[in-house]
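The structure appears below as structure tokens.
The values are calculated or read from the model by the stated rules, or taken from the named source; none is laboratory data. Note that the structure is predicted; figures quoted are calculated from it, not measured. No Cβ is skipped: glycine too gets one built from the backbone with ideal geometry, and neighbour counts run over all protein chains shown.
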């Protein structure tokens, strides 16, 4: 009996404004994909309308086995895989689920780059640990790990980058 190949999520770069078209072409080839669409309210002179726009400009996520890279790259509109250390970067299933859940719960989502580094001090803006400060111990693509000092213990919380702000360092 043949083993099922391991399927991982990857991000691919698309031609500008080709995200939906690439998703359609991938569907036509039965390649599992996800093009996160943001519900945005648009105002025209005569009406308001909710339109679906790609959340990530020039990116679509694909779920394939390592051996299927070439099959993906052959799809019209795909320029390349997003690479990390010379190989297509694997995106964790929970990160894809988080994006899906967030888009399901919210409209007009805006992406903001949050440049944080290990050892930065951050303040949590929303959620259970709101207004607590801590030090960054790990930075992921969407989530950071923050050490929150409490009662002589270190609690490590995974916090969405959208829920933190950098605490300015005091200049001596």
Among the numbered conditions (1) part of a loop (DSSP other than H, G, I, E, B); (2) modelled with pLDDT of 70 or more; (3) over 13 Å from the mean Cα position of the chain (by Cα), tell me where residue 122 comes up short. (1)
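Can you spot a residue in segment 43-55 that is outside any strand (DSSP E or B), surrounded by 17 or more Cβ atoms within 10 Å (Cβ to Cβ) and out of contact with any helix residue (DSSP H, G or I) (no Cβ under 6 Å at 6 or more places or on another chain)?
Yes, some residue in segment 43-55 is outside any strand (DSSP E or B), surrounded by 17 or more Cβ atoms within 10 Å (Cβ to Cβ) and out of contact with any helix residue (DSSP H, G or I) (no Cβ under 6 Å at 6 or more places or on another chain).
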Long-range neighbours under 6 Å by Cβ, at least six apart or interchain, first residue touching a residue at least 12 places away in the same chain (Cβ under 8 Å) within segment 29-45, second part of a loop (DSSP other than H, G, I, E, B): 36/55; 38/55; 38/109; 39/107; 40/108
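Kindly establish whether residue 165 is more than 22 Å from residue 34 (Cβ to Cβ) and either assigned to a loop (DSSP other than H, G, I, E, B) or modelled with pLDDT under 85 (or both). Show your work before the answer.
Numbers: more than 22 Å from residue 34 (Cβ to Cβ): yes; either assigned to a loop (DSSP other than H, G, I, E, B) or modelled with pLDDT under 85 (or both): yes.
Yes, satisfied.
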When the residues of segment 132-161 are narrowed to those that are in a loop (DSSP other than H, G, I, E, B) and at pLDDT 70 or above, which ends up surrounded by the fewest Cβ atoms within 10 Å (Cβ to Cβ)? 140
Could you tell me whether segment 24-32 includes any residue that is assigned to a loop (DSSP other than H, G, I, E, B) and under 25 Å from residue 106 (Cα atoms)? yes
Looking for something part of a strand (DSSP E or B) and at pLDDT 90 or above - is there at least one such residue anywhere in segment 63-75? yes
Pairs returned, first residue in segment 109-121 that is closer than 30 Å to residue 50 by Cα, second residue that is assigned to a loop (DSSP other than H, G, I, E, B) and at pLDDT 75 or above, beta-carbon separation under 8 angstrom, 6 or more apart or interchain, are 109/55; 111/55; 111/56
Please indicate, with yes or no, whether at least one residue in segment 81-101 is touching a residue at least 12 places away in the same chain (Cβ under 8 Å), within 16 Å of residue 19 (Cα to Cα) and assigned to a strand (DSSP E or B). yes
Are any residues in segment 96-119 modelled with pLDDT of 70 or more and surrounded by 15 or more Cβ atoms within 10 Å (Cβ to Cβ), and if so, which ones? 96, 99, 102, 103, 109, 116
